[in-house]
Amino acid sequence: MAREEQSVVVGVDGSGASARAALWAAAEAVRLSVPLRLVLVSDDPAREPYAKELVHDIDARCRHAAGELDIVDEVAYGHPAAELVHRSESARLLVVGSHGHGALRGALLGSISAAVAAHATSPVVVVRGVGPAKSGPVVVGVDDSPGSRTALHYAFDAANRRSSELVAVQALPNSYFTPGPHDGPDRDKLFTQAELRLAEQVSAWSDAYPEVAVRRIVSNVPPVTALCDAAQHAQLLVVGQRGRGGFTALRLGSVARGVLHRAPCPVAVVPR
């Protein structure tokens with residue numbers, strides 16, 4: 001197996017969702033100036049000719065869309081999630097569709113996208129929606145955890161490559177939503193503290209990416225709702241793989257799972 005190091009690896013299965021993921025991955029490989037590797041994972045070696053035909057067809061579509069991009073395609077055998085997670089160890093980025101009904105048994109990416117996002121060692125993009133937006137911001141969830149800070153760096157870089165605005169979203173702590181007596185000054189203090197922490201985290205990367213315009217949002221709704229609302233017209237929504245920030249409402253393990261189910265745009269899940 002050729003090394004995937006510094007390439008964008010995309011899992012395909014013959015479904016429309018995986019084809020959209022492949023086209024998204026091709027565009028991202030162009031932005032990153034790295035090769036694209038198309039991988040179809042099957043558990044049925046007897047269907048290798050058909051599998052090769054499928055992956056070659058997606059290869060041709062990506063070449064048509066991306067021009068001179070360096071593309072390699074292959075058929076691999078085994079468990080799709082395990083094989084793609086293994087590929088993530090040397091990939092620049094791993095891309096999958098959000099759901100699929102592939103023509104090959106054992107290659108249904110929809111059933112494994114969450115597992116790949118949870119266990120991959122590279123960033124993973126799950127391509128959601130009927131077609132990614134060609135404009136709009138990059139949205140990132142922030143919670144002051146180490147995982148969140150890594151996600152923020154990734155989001156700045158993604159926004160910079162797209163020449164787009166970055167929208168940084170921080171949700172308030174769980175205590176804000178707990179029924180009971182909360183007087184006004186406590187809520188005001190909570191909100192002010194969240195605004196200050198968000199500003200501090202954003203400023204840590206603003207000097208490195210001076211061309212990226214940043215909009216900060218401190219939200220008083222649950223984090224998955226806040227992120228999905230902010231991402232309605234976004235090119236990409238970025239979250240950490242998991243987190244344990246002081247703002248416990250935005251624990252990125254559960255938030256990542258939530259946005260993978262509800263986001264209106266591609267979701268990047270970034271490991272620490």
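The values are calculated or read from the model by the stated rules, or taken from the named source; none is laboratory data. Note that this is a predicted model, so its numbers are computed, not measured. Here the Cβ positions follow ideal geometry from the backbone for every residue, glycine too, while neighbour counts run over all protein chains shown. Note: accessible area is taken over every heavy atom of the protein model, side chains too, but ligands, DNA and RNA are not part of it. Shrake-Rupley method; radii C 1.70, N 1.55, O 1.52, S 1.80 Å.
Remarks
- Karplus-based coupling profile of the range 8-22, in residue order and whole Hz: 8, 9, 10, x, 10, 9, x, 8, x, 5, 6, 5, 5, 5, 5, with θ = phi - 60° in 6.51 cos²θ - 1.76 cosθ + 1.60 and x standing for Gly or Pro.
- Once backbone amide H atoms are built at 1.01 Å from N, ASP73 has LEU38 as its partners under 5 Å, excluding neighbours fewer than 5 places away on the same chain.
- Listed residues ASP43, ASP73, ASP207 arranged by accessible area, highest first, probe 1.4 Å: ASP207, ASP43, ASP73
- Anisotropy class of the range 8-127 from Cα gyration tensor, a/c 1.5 cut: oblate
- GLU165 accessible area, 1.4 Å probe, all protein chains in place, Å² to nearest 10: 70 Å²
- For LEU236, the residues whose modelled amide H falls within less than 5 Å of its own, excluding neighbours fewer than 5 places apart on the same chain, are VAL139.
- Amide H contacts of SER219: GLN170, ALA171, LEU172, each under 5 Å away and 5 or more positions distant or on a separate chain (H built 1.01 Å from N in the peptide plane; Pro and chain starts excluded).
- Local electrostatic count at ALA117 - Lys and Arg +1, Asp and Glu -1, tallied over other residues with Cβ under 13 Å: +3
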